[in-house]
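Worksheet for the structure shown next.
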Amino acid sequence: MTIPAILAENLGRTFGDKVAIKNVNLKIPSGEVYGLLGPNGAGKSTIVRILCTLLMPTQGRARVAGYDVATDPMAVRLRIGAALQSTAIDGLQTGREMLALQAQLYGISSGVAQKRIAELEALVDLGKDFDKRVSTYSGGMKRRLDIAIAMLHRPPMLFLDEPTTGLDPRSRQQMWDEVRRLNKELGVTILLTTQYLEEADSLAHRIGIINDGGVVSEGSPRELKRLVRDDIVVANVQGDAVAVESRLADIRGVKSLTVTGDRIEARVSDGAQAIGSVAIGIQQAGLTLNDITLRTPTLDDVFMELTGAHMNKEVGHEPVR
Amino acid sequence: MSLSADASPGVATNVDAERFGVDPELRPRDQSFIRDVLIIARRSIRQLPREPEAVFPALLIPVFFMAVNIGSLEKLTESALAIDYKAFQLPVGIVFAVTGISRGASLVADLNSGYFDRLLMTPVSRLALLIGTMAADFVLVALMTLPVLCLGFIVGVGFHNGVLGFLVFVGISALWGMVFPGFTYAIAFKTASPAAVASATILFFPFAFLTTTFLPKDQLNGTLDAVATVNPVTYILEALRSLLTEDWNMSAIGPALLAIGVVGILSIGLALTALKGRVSRN
Ligand SMILES: Nc1ncnc2c1ncn2[C@@H]1O[C@H](COP(=O)(O)OP(=O)(O)O)[C@@H](O)[C@H]1O
Ligand SMILES: [Mg+2]
């Protein structure tokens, strides 16, 4: 029997009257990349901060690397690295100084530290800026430095709270590559949180969908998408689709419908069969059909299915690379 | 899978040592408190020359006050009271230079950037996070006295007791400058608010002015004299002045050390309480 890297049982946290998370159960085996996917305010950071020993749970308990975060925080701290939501950097130090200081705080001898910093230097890809003050770094540079600092003491597990929020596409790609490398080459167990559907989809072995303080579903991206058994017919139209929404909903085969502007998304059980009647129904409702396509469910559809709301309007339609 | 509830803390139940092992290069247990303090202090001191704007006004103010006070009151006091007014004012400049300047703003920045959380996730001693910062303050305020002292030398103030007198002078100044910001740190840990910490500088005014800033204590009126009696700065000034003009005078130096001790117990006590709240994870 092996110990899971992360085990949370009935974990809960309140701030005064405010329930931040409740009844969270997680069991993450060693070597896994686990994604906590949820909108702003869902409780992602609260979970991460409890697991990183920065916050006490008010309910339930959690073990990281087999150690209880509440009663044995120091044993946990030595075994984890974390890059939290606010990049924890000190603008007045250089990247190199921040790494050296981190090594000192863990009691790593300066010889070993120098070797490691030299190795990490290539990874953080800062070039000459490595010896410049961190306040001059871009968002992507700060994030990369943040992760290098988190990994300096070679922890077997890493927490990343929204590692790519606010990053440009290139920096995001770089971050994804680094997450995959840490997991594949070094076997690091990674818990990451994200609001980006495609980030969870492409990085995580398993995803926990979190909404309103609770994990509402969990599984591999493929398993989760299977929760939505339907296909989705997407139509772009001319005319006031919102005005005829109820007529559209009555089209045979349509289970549910979302209309946003001139875009209609209809959930149907069998796409190939229903697409024709949807096209006809749209025209009968007095709209002009520009194009109509069929797609399989995304994680956003899963989130919709589970919670009745889109996760996040902007990120729902972010471009796929 | 269930982990037995009675597993004793510190012992992971059935941990796969290979997978969750601690990096063998980590030596947190060898880390002494003093080492932690030095690491934190060094980082804090390294920041100093990188934000001169945080120190510069604190250097200008005492020089300005010394110039104005001496310029306007020297003739009057020297004829009426027969005191060496330059030696009387130099300690005022010193107190102005060292009272209230601290790394408090930088601590608040750490609290808000998440860097403080990063420190808390390392094995570093929590107490060292405060003490290391205060040690940096000690160095900072000791350095702050030097330009003011230079100015004093230039206008002809000397040390009555040689090098040792000089060192005791700087030591008392720096000790005072180190304990006073304990209040600022208490506010910083409690609120993490830059505005609240900035407003703590107001504390400077009663301490710096409700005392023998301009004239000796026997010249103050009843109310101000009463306030000055309970103001620790009165005793600091008394001790510093004695070091400039008299032989070793323990009846001046003793009360200053006592005043520093009392303020230190209060301010550091408050700071420690606030630090405890900050690291309690609640
Ligand atoms: N220190 C705190 N005090 C009060 N409420 C908090 C605190 N931290 C988080 N919350 C609340 O808990 C909920 C979850 O927050 P958080 O874990 O930060 O969500 P996420 O990271 O998913 O955006 C939010 O409603 C937030 O306002
Ligand atoms: Mg968050």
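The values are calculated or read from the model by the stated rules, or taken from the named source; none is laboratory data. Keep in mind that this is a model prediction, so the values were computed, not measured. Cβ placement follows ideal geometry from the backbone for every residue including glycine, while neighbour counts extend to all protein chains displayed. The area values use the complete protein model at the heavy-atom level, side chains included, leaving out ligands, DNA and RNA. Shrake-Rupley method; radii C 1.70, N 1.55, O 1.52, S 1.80 Å.
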Distance from region A:14-93 to region A:129-171 (C-alpha centre basis), Å: 19 Å
Ellipticity estimate at 222 nm from DSSP helix runs (n ≥ 4, -39,500 (n - 2.57)) divided over chain A, nearest 500: -10500 deg cm²/dmol
Long-range HN-HN contacts of A:ALA82 with modeled amide H, under 5 Å: A:PHE159
Chain lengthening between B:ASP247 and B:SER193 when straightened (0.36 nm per residue, less Cα-Cα): 14.8 nm
Two-decimal ratio, region A:168-321, of alpha-carbon radius of gyration to 2.2 N^0.38 Å: 1.21
Spin-label model distance (nm) - B:LYS75 vs B:VAL55, 7 Å beyond Cα toward Cβ: 3.8 nm
Per-pair calculated FRET efficiency, R0 = 22 Å: B:ASP218 and B:VAL163 via Cβ, rounded to 0.05: 0.10
From phi via Karplus (6.51, -1.76, 1.60), per-residue ³J(HN,Hα) for region A:236-251 in Hz, x at Gly/Pro: 9, 10, 10, x, 7, 5, 4, 5, 10, 4, 5, 5, 4, 5, 7, 4
√(5λ) per eigenvalue of the Cα gyration tensor, chain B, largest first, Å: 45, 18, 17
GNM flexibility winner over chain A from A:GLN273, A:GLN104, A:GLN59 (Cα, springs under 10 Å): A:GLN273
For region A:1-44, fraction of C-alpha pairs farther apart than 12 Å, in %: 69 percent
The protein assembly as shown: radius of gyration and largest Cα-Cα distance (Dmax), Å: 31.8, 109
Highest-fluctuation residue, B:PRO62, B:PRO91, B:PRO216 considered, GNM on chain B with Cα pairs under 10 Å: B:PRO216
Chain A: DSSP helices with Cα axial extent of at least 24 Å and average Kyte-Doolittle hydropathy no lower than 1.0: none
Share antiparallel - DSSP beta bridges, region A:6-220, percent rounded to 5: 55 percent
For chain B: accessible area per residue (Å², 1.4 Å): 45 Å²
Antiparallel bridge percentage (DSSP; both residues within the protein assembly as shown; nearest 5): 70 percent
Sequence-distant residues sharing a close amide H with A:GLN59 (under 5 Å, placed H): A:GLY12
Candidate lysines - alpha carbon under 20 Å from B:LYS75, same-chain residues fewer than 8 apart omitted: B:LYS86, B:LYS217
Overall Cα dimensions of region B:210-282, principal axis frame, Å, largest first: 52, 30, 16
Virtual spin-label span in nm between B:CYS150 and A:SER110, 7 Å along Cα→Cβ: 2.9 nm
Cα-only radius of gyration and Dmax that characterise region B:101-175, units Å: 17.3, 53
Cross-link partners of A:LYS27 among lysines (Cα-Cα below 22 Å; sequence separation of 8 or more within a chain): A:LYS44, A:LYS184, A:LYS225
Most mobile of A:ASN236, A:ASN25, A:ASN290 in a GNM of chain A (Cα contacts under 10 Å): A:ASN290
Between helix B:33-47 and chain B: long-axis angle, C-alpha atoms, 0 to 90°, nearest 10: 60 degrees
Solvent-accessible area of B:HIS160 with every protein chain in place, 1.4 Å probe, in Å² to the nearest 10: 90 Å²
Region A:100-201: translational diffusion in µm²/s, Stokes-Einstein, Kirkwood Rh over Cα pairs, 4 °C, 1.567 mPa s: 90 µm²/s
Viscosity 1.567 mPa s, temperature 4 °C, Stokes-Einstein D of region A:1-150 from Kirkwood C-alpha radius, µm²/s: 76 µm²/s
Hydrodynamic radius by Kirkwood, which averages 1/r over all alpha carbon pairs of region A:227-307, in angstrom: 12.4 Å
Heavy atoms of A:THR2: accessible area, 1.4 Å probe, square angstrom to 10: 90 Å²
Base-10 log of normalised Debye intensity for chain A (one unit scatterer per alpha-carbon) at q = 0.10, 0.11, 0.16 Å⁻¹: -0.66, -0.76, -1.25
Degrees separating the helix B:182-191 axis from the principal Cα axis of chain B, which is the longest one: 40 degrees
Ranked by how many other beta carbons lie within 10 Å on average, peptides B:228-238, A:149-159 from highest: A:149-159, B:228-238
Length gained when the stretch A:ASP270-A:MET56 is fully extended (0.36 nm per residue, less Cα-Cα span): 72.2 nm
Cα shape, region B:31-114, gyration tensor, a/c 1.5 rule: prolate
Spatially proximal lysines relative to B:LYS276 (Cα-Cα < 16 Å; intrachain offsets below 8 disregarded): B:LYS190
Sequence-separation-based contact order of region A:227-307, relative, with Cα cut under 8 Å and 6+ spacing, percent: 43 percent
Shielding of A:154-162 by partner chains, average beta-carbon count, 10 Å: 2
B/A buried area, accessible surface, summed, 1.4 Å probe, Å²: 4800 Å²
Protein accessible area in region A:6-220, 1.4 Å probe - carbon and sulfur %: 50 percent
At R0 = 22 Å, FRET efficiency that the Cβ-Cβ distance of A:LYS184 and A:LEU123 yields, to 0.05: 0.95
Partner chain coverage, peptide A:62-75 - average Cβ within 10 angstrom: 5
